[in-house]
């Protein structure tokens, strides 16, 4: 897999495709502190202050189904996942633009409601929509948001920076979004509080902007990213950028209570949903072991959100998930953008 | 047509949809000098300097066909039309992000080549790609570029600002892109220089960044936009924002020689292609009559590109195209994103 050719997108997968694009980028201006490959790009603008830039696209029947999500939820999620990328840098969100493709026979009320979801998510977290593009499509709705943000250069956290021996931490709990998706796939609709909680986690994720800011301001974290594709896919990316490996202790992973409660009903292992499910939009970060208490206290004080130490960075490469008995836990099939 | 409901996107059309979204936006922060509705949004960043932000989406079989365009050309055009929006503000382009949706069975070479087109267009005009998102789709390729730029606050040109009595001008010549599209639709392939020129205009438009900069620096223009949907659609938008009307003299419209040469072969009226065709990405701007010579000379000196006075701003509303004999010229069917 080098240079031209090499197969289909489905065969190569997202990480290999991203690596291909990074080789094509060439030399960037000195103003670009951080180009492709992290949660957001970072550009020098004012002294000491970086402009952040990120984008995330959602395609109907790949990332959402209109039978499952309200238009407002589609808009909310499109904005929220971008804000999560800004959070992952330790930054604060700003102006956004949104491109929306939709078929001509779609009722305008649907796109109005998608827009309302975008506006609501943005205004709840300090972002704001300043423009966009509305175009036709032959069928699928496509929503793409590009979001700017800013962060003090000395506070920015990137994927690179984790060192062997450091602690690996996550905010909040994992698996609720995957449990919500599994429930939708299986047509579960029992009106239970745990189902409602899982569906809300899936449709209306809450970007961890305040938590990320508390982590950055504590100045002890060494690397950070958001969990969009799941721990099993995302932690290897942080490790690759940092040139390290990782060991995660499966019993320490904070599994969301809604995920635990729904596990039997959706016939999926709760721990697997927490590891491989994706779309939790929690923060994954590292810091020296001695700083764990201080960082966790800072986040709890500002937001009430728990922070959990789930493992440790090790020298070398590779990420392993270890059971209490010492055996390896293999993550289930991972989310892929290109395989049906 | 107010509030909710009101029909399909196809029935409402792009301008009415944009008006709907603008009503939904609500209050924007004071840092937003210019929100939705112009070629790009403008945000106060450093003193006297504005950050510009725009996006443009291209959908397969709506905006391009893979049978007609090389992947490099698809990428080039996606970047070029965004740079044209930055040009339309009098600005200079900077960092871009690109979201790309493609089916899993697509050869990675195709997306590589789209990316190369993006990179080439960007680097030719001083923009640079700093990140993106690559996602799956059920079939169509979708390319969405969001581009930042900057402009001195005192130099920025927007759609609002034209005053009755002022001259209406365009850079370059119109209709070549429409002639290229008509040739593609009709399977014309005679290898003639005029066909090659029209196809290049259609596939690889050249954003008028240097021309726009010369116009802005001359400090006499009062309003500006780029011609993406064609004079017949775009001039009314400039007039609406400025609260004025316009009268265009059809014999003064600079019709591209390739458009004239191909007119008979594609069985389309050359003047109509120049007025209604779209995708020329020339600049449309206004200035006092007394300043026309000065502005045209400034543009010619910096770029060699001709500037043509095509009409005048009038009080009231409405845009009319007038023939030499005084009769009205009705623009042909206009480009719509939502009607097939």
How far is residue B:47 from the same spot in each other copy, in nm, shortest first, if each label point sits 7 Å from Cα toward Cβ?
1.2
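Assuming R0 = 35 Å, what is the FRET efficiency of residue A:294 and residue B:27, from their Cβ-Cβ distance, to the nearest 0.05?
Working from the Cβ atoms, E equals 0.35.
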Among A:61, A:38, B:112, B:30, which comes first, then next, by fewest other beta-carbon atoms within 10 Å?
B:30, A:61, B:112, A:38
What shape does the range B:127-221 take by its C-alpha gyration tensor, where a ≥ b ≥ c are the square roots of the eigenvalues and a/c under 1.5 counts as rounded, a/b above b/c as prolate, and the rest as oblate?
oblate
Compactness check, the protein assembly as shown: C-alpha Rg relative to the 2.2 N^0.38 Å globular estimate gives 0.99
In chain B, what % of DSSP beta bridges are antiparallel (nearest 5)?
75
Determine which residues of the range A:251-267 fall in the zone a paramagnetic label at residue A:192 would reach in this model, i.e. backbone nitrogen under 15 Å from the point 7 Å along Cα→Cβ.
A:256-267
Can you tell me the FRET efficiency between residue A:124 and residue A:153 if r is taken as the Cβ-Cβ distance and R0 is 30 Å, rounded to the nearest 0.05?
0.65
One would report the antiparallel percent of DSSP beta bridges in the protein assembly as shown, rounded to the nearest 5, as 75
Relative contact order (%) - criterion: Cα under 8 Å, at least six apart; region: the range B:234-313
42
Copies compared at residue A:29 - label distances in nm, ascending, label defined 7 Å from Cα in the Cβ direction:
2.2
Hey, rough spin-label estimate for residue A:264 and residue A:70, points 7 angstrom out along Cα→Cβ, what's it come to in nanometres?
3.1
Zero-based 10 Å bins, Cα pair distances in the range A:31-155, whole percents
14, 44, 28, 12, 2
What order, most packed first, do the peptides A:146-155, A:189-198, A:89-98 have when packing is the mean number of other Cβ atoms within 10 Å of each residue?
A:89-98, A:146-155, A:189-198
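Taking other Cβ within 10 Å of each residue's Cβ, how do A:211, B:109 sort, fewest first?
Details: A:211 25, B:109 16.
Ordered by Cβ neighbours within 10 Å, fewest first: B:109, A:211.
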What is the pair-distance distribution P(r) of the range A:136-175, computed from all Cα-Cα distances in 10 Å bins starting at 0, with each bin given as a whole percent?
15, 25, 32, 18, 8, 1
Mind checking the log10 I(q)/I(0) for the range B:229-271 at q = 0.34 Å⁻¹? Debye, one equal scatterer per Cα, no solvent, two decimals.
-1.13
Normalised by the number of residues in chain A, what is the relative contact order in percent for Cα pairs under 8 Å and 6+ residues apart?
21
Give me the Kirkwood hydrodynamic radius of chain A, using the inverse of the mean 1/r over all pairs of distinct Cα atoms, in Å to one decimal.
20.5
Say we join alpha carbon atoms closer than 10 Å with springs in a Gaussian network model of chain B; which of B:210, B:19, B:101 then has the biggest fluctuation?
B:19
Between residue B:200 and residue B:163, what is the label-to-label distance in nm when each label sits 7 Å out along the Cα-to-Cβ direction?
4.1
Taking beta carbons within 10 Å but only from partner chains, what does the mean come to for residues A:116-126?
1
Rounded to a whole number, the mean other protein chain Cβ count within 10 angstrom for residues of B:139-145 is 6
Residue of chain A nearest the A-to-B rotation axis [by Cβ], rounded angstrom distance
A:146, 2
Could you put B:308, A:317 in order, starting from the residue whose Cβ has the fewest other Cβ atoms within 10 Å?
A:317, B:308
Inter-chain shielding metric for B:187-193, i.e. average beta-carbon neighbours from other chains within 10 angstrom, reads 0
Post the alpha-carbon centroid distance, the range B:65-113 to the range A:20-60, in whole angstrom.
17
Which order, highest average first, do A:319-327, A:158-166, A:252-260 follow once you tally other Cβ atoms within 10 Å for each residue and take the mean per peptide?
A:252-260, A:158-166, A:319-327
In Å, the C-alpha Rg and Dmax of the range B:167-322 are 15.4, 47
Would you kindly work out, in nm and rounded to one decimal, the distances from the label point of residue B:153 to those of the same position in each other copy, ordered shortest first, with label points 7 Å along Cα-to-Cβ?
2.4
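Bear in mind that the values in this text are calculations on the coordinates, not laboratory data. Keep in mind that this is a model prediction, so the values were computed, not measured. Note that we place each Cβ from the backbone using ideal geometry, even for glycine, and neighbour counts take in every protein chain shown.
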